[in-house]
1. Check residue 612 against each of (1) hydrophobic (A, V, I, L, M, F, W, C); (2) in contact with a helix residue (DSSP H, G or I) (Cβ under 8 Å, 6 or more places away or on another chain); (3) not in a strand (DSSP E or B) and name the one condition it does not meet.
2. Could you please give the count of residues in the range 198-213 that are of a type outside the set (S, T, N, Q), outside any helix (DSSP H, G or I) and open to solvent by 10 Å² or more (accessible area, probe 1.4 Å)?
3. Given the options 553, 524, 544, name the one that is farther than 30 Å from residue 709 by Cα and at pLDDT below 95.
4. It is to be established whether one or more residues within the range 359-377 are at pLDDT 95 or above and charged (D, E, K, R).
5. Taking the range 114-131, which residues are open to solvent by 50 Å² or more (accessible area, probe 1.4 Å) and either farther than 20 Å from residue 94 by Cα or in contact with a His (Cβ under 7 Å, 6 or more places away or on another chain) (or both)?
6. Give 57, 98, 82 a once-over and let me know the one that is among the aliphatic types (A, V, I, L, M) and open to solvent by less than 20 Å² (accessible area, probe 1.4 Å).
7. Which of the residues that make up the range 321-367 are more than 20 Å from residue 423 (Cβ to Cβ), hydrophobic (A, V, I, L, M, F, W, C), touching a helix residue (DSSP H, G or I) at 6+ places or on another chain (Cβ under 8 Å) and not in a loop (DSSP other than H, G, I, E, B)?
8. Among the residues of the range 682-707, write down those that are within 26 Å of the chain's Cα centre (by Cα) and open to solvent by less than 10 Å² (accessible area, probe 1.4 Å).
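The values are calculated or read from the model by the stated rules, or taken from the named source; none is laboratory data. It should be emphasised that the depicted structure is a prediction, and the values quoted were computed from it without experimental measurement. Here the Cβ is made from the backbone with ideal geometry for all residues, glycine too, and neighbour counts use every protein chain on show. The accessibility values were calculated without ligands, DNA or RNA, using every heavy atom of the protein model including side chains. Shrake-Rupley method; radii C 1.70, N 1.55, O 1.52, S 1.80 Å.
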Amino acid sequence: MSDSATSRATPLRPLLAPQSIAVVGASHRAGTIGNQIVRNLISYGYTGAVYPVNPRAASVCAVPTWRSMQDVPGPVDVAIVAVPRDHVLEVADGCGRAGTRGLVVVSAGFREVGPDGAALEHELHEIVRRYGMRMVGPNCMGIINADPRISMNGTFCTVMPAFGASAFVSQSGALGLGVLDYAREYGIGISQFVSVGNKADVSSNDLLLEWEHDETVRVILMYVENFGNPRRFLEIASRLTRTKPIIAVKSGRSRAGARAATSHTGALAASDTAVDALLAQAGVLRASTIEELFDMAIAFESRVLPRSRRTAVLTNAGGPGILAADAMETCGLDLVELGAETVEQLRPLFPAAASIRNPLDMISSATPAGYRAAMSVLLADPAIDTVVPIFVPPFGIRQEDVAGAIVGAAERSPEKAVFAVLMGREGLPAGRAELHDAGIPAYIFPESAARAIAALNRHVDQARAAAPDLTPPADIDRDAARAILDGAVREGREQLTQIEALDLLAAYGVPVARARLARDADDVVRLARDVGYPVALKLVSPDVIHKSDVGAVHVGLASDDAAHAAYDEMLARVRAALPGARIDGVLVQPMIPAGTELIVGITRDPAFGALVMVGLGGIFVEAMGDVMFRVAPVDERQALEMLGALRGARILDGLRGRGASDRAAIASVVRRVSHLAADWPEIAELDVNPLMTRADVVCAVDARVRIARGASRTGNQASTDGACEKVTYR
């Protein structure tokens with residue numbers, strides 16, 4: 001084995017690039033796992049030493065066997081263990097005593113089968129730790145390193161992928177078999193493949209750290225069933241995706257929404273929502289299917305990454321061109337308007353009646369020469385950074401010839417990205433191979449190309465973006481926040497009063513609406529005069545969550561008589577609808593000028609911890625569910641990205657006479673609330689709904705905070721409106 005293949009000493013290097021492998025449980029019987037692993041190591045040309053270990057066989061695959069690990073001559077980097085479960089602990093201890101540096105435990109029957117298996121897995125991990133070994137598995141398929149300097153197929157899979165730039169980590173061994181077949185069929189090279197199984201020791205996070213500095217790995221592919229340490233993953237992946245793309249398939253979407261919650265934020269959050277937030281925040285590209293994962297992986301084989309989302313589509317059939325246009329727009333790509341000079345150069349290449357617009361339809365008579373000429377014009381246009389040629393084979397024109405024309409045009413513009421769509425099946429392998437060899441990803445359908453190009457652009461954005469600044473705002477008042485939360489915990493309350501909730505936000509620099517608590521009708525009139533008409537009245541009751549549903553909100557009250565009457569009507573309606581409801585009083589607030597209503601919130605996921613949310617608020621939050629989550633804390637750039645990702649983001653810019661909202665001020669609120677979430681784990685859920693937004697004001701009008709049951713005591717937004725101030729009110 002070449003010295004250069006093993007010169008970089010890292011904790012997992014002995015596992016991923018071993019110079020010697022023992023197969024414990026090697027068998028002379030064909031069809032057994034132990035036999036297949038030895039056969040794979042030999043057949044695929046492993047460059048190190050192979051030691052089959054079997055006390056009852058003289059040889060396996062014509063290689064002499066050894067009775068035990070203690071009998072194996074020389075050091076052993078890795079022992080691949082393929083024995084029955086009940087013998088694994090004994091084998092692991094023997095490997096440790098023999099000085100083995102790493103284990104790959106293929107044997108199953110551990111945590112995945114129940115408590116007894118989990119107890120055995122714990123004992124196995126203790127043995128591994130005792131001897132300072134590292135372990136992949138148990139219940140895994142093994143490891144492949146396709147680097148020709150190593151050429152190790154340490155699995156029972158009979159497929160050896162071609163060497164390439166992608167590393168793949170999978171929590172499912174069976175899925176790994178399909179993945180390797182798929183990679184070979186589509187010509188995707190694999191540098192390393194690791195089936196981590198139960199992740200008792202080596203995790204996906206460990207592999208990300210290993211691959212971060214591995215020069216043979218340029219793209220990382222993941223199949224994930226669960227995150228053992230999500231925040232550690234966020235830390236590692238956020239750094240890694242700035243230089244190397246990570247593409248992940250995360251299973252388990254169907255479990256979303258299983259958790260009941262009392263707040264809007266909690267009701268909208270679910271485990272898969274947290275996964276989306278985590279992956280987006282880390283810059284990881286999430287694929288919905290394995291096929292989509294490989295569509296993206298193929299894209300990163302491109303000779304050049306797109307410089308922008310400005311795209312042109314060239315086709316010989318109208319239908320695929322329309323499908324491509326739809327997919328491009330859905331994926332956030334820009335089909336640019338062609339400039340006059342480009343149109344004039346293209347005109348001789350098209351029929352006289354043709355409309356020369358993007359997407360460009362050369363009709364079915366288009367020839368390879370026509371493709372080459374039209375592509376050359378498009379690639380020369382400075383307003384276009386990516387060209388997508390689509391070819392549907394008509395009678396008499398070979399797909400391979402069109403592929404050659406695409407390659408020829410692309411070679412003249414090496415700084416521009418080209419992604420081909422070859423929709424015919426006949427001749428597909430030859431055409432695809434020629435394109436791939438030239439660094440031009442090729443797809444069967446336009447939608448696949450659109451998703452892949454969008455993924456590349458997201459990676460480019462991630463690489464260009466500044467690292468997040470998660471420093472807390474300097475003006476937050478943690479002492480004030482501590483006093484509010486400690487008081488509620490001390491009294492055994494699971495809910496802050498609305499005034500306490502607003503005070504808590506104010507302590508973190510969130511602009512809040514002034515509020516007073518009235519106990520009776522006379523109080524309402526007195527406080528309304530003090531606050532200044534017009535005013536809003538809101539019932540204060542721990543038993544009324546959605547106040548507008550029972551008539552517990554009155555707005556726009558402009559006089560003493562109106563305020564008095566509204567108070568009487570409110571109490572009568574609430575007592576009729578909810579006879580047993582506790583009523584603590586009525587909140588009196590000045591009317592905040594109408595604007596766009598948002599919701600900002602906090603919830604906690606059992607695995608991911610604190611999440612911060614922003615979305616369209618008011619009465620539409622549950623009906624529309626247009627919200628974005630991120631793992632707290634976030635900085636203002638990330639908060640702005642959350643706002644931009646909302647389906648209704650354009651509303652913030654003003655529609656049909658509605659004024660625009662101050663996105664920067666909203667992002668500041670989201671950032672501050674995210675630090676509130678990160679600082680105080682006793683906050684189980686928080687809703688700011690509505691957060692009223694306009695060009696000149698961003699103001700928390702209403703808030704609700706729930707304290708976690710059994711919580712223990714813990715330890716430069718300027719005012720824009722006289723009714724909305726960043727102070728504490730009593």
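1. Status for residue 612: all satisfied but (3).
2. To start, the set of residues in the range 198-213 that are of a type outside the set (S, T, N, Q) comprises 199-202, 206-213.
Filter once more, so that each one left must be outside any helix (DSSP H, G or I): 199-202, 213.
Then drop every residue that is not open to solvent by 10 Å² or more (accessible area, probe 1.4 Å), which leaves 199-201, 213.
The number of residues fulfilling the criteria is 4.
3. Residue meeting the stated conditions: 524.
4. yes
5. Result: 115, 116.
6. Numbers: 98 fails: open to solvent by less than 20 Å² (accessible area, probe 1.4 Å); 82 fails: open to solvent by less than 20 Å² (accessible area, probe 1.4 Å).
Exactly one of 57, 98, 82 is among the aliphatic types (A, V, I, L, M) and open to solvent by less than 20 Å² (accessible area, probe 1.4 Å), namely 57.
7. Once the filter is applied, which keeps residues that are more than 20 Å from residue 423 (Cβ to Cβ), hydrophobic (A, V, I, L, M, F, W, C), touching a helix residue (DSSP H, G or I) at 6+ places or on another chain (Cβ under 8 Å) and not in a loop (DSSP other than H, G, I, E, B), the range 321-367 yields 346, 349.
8. 683, 685, 686, 687, 688
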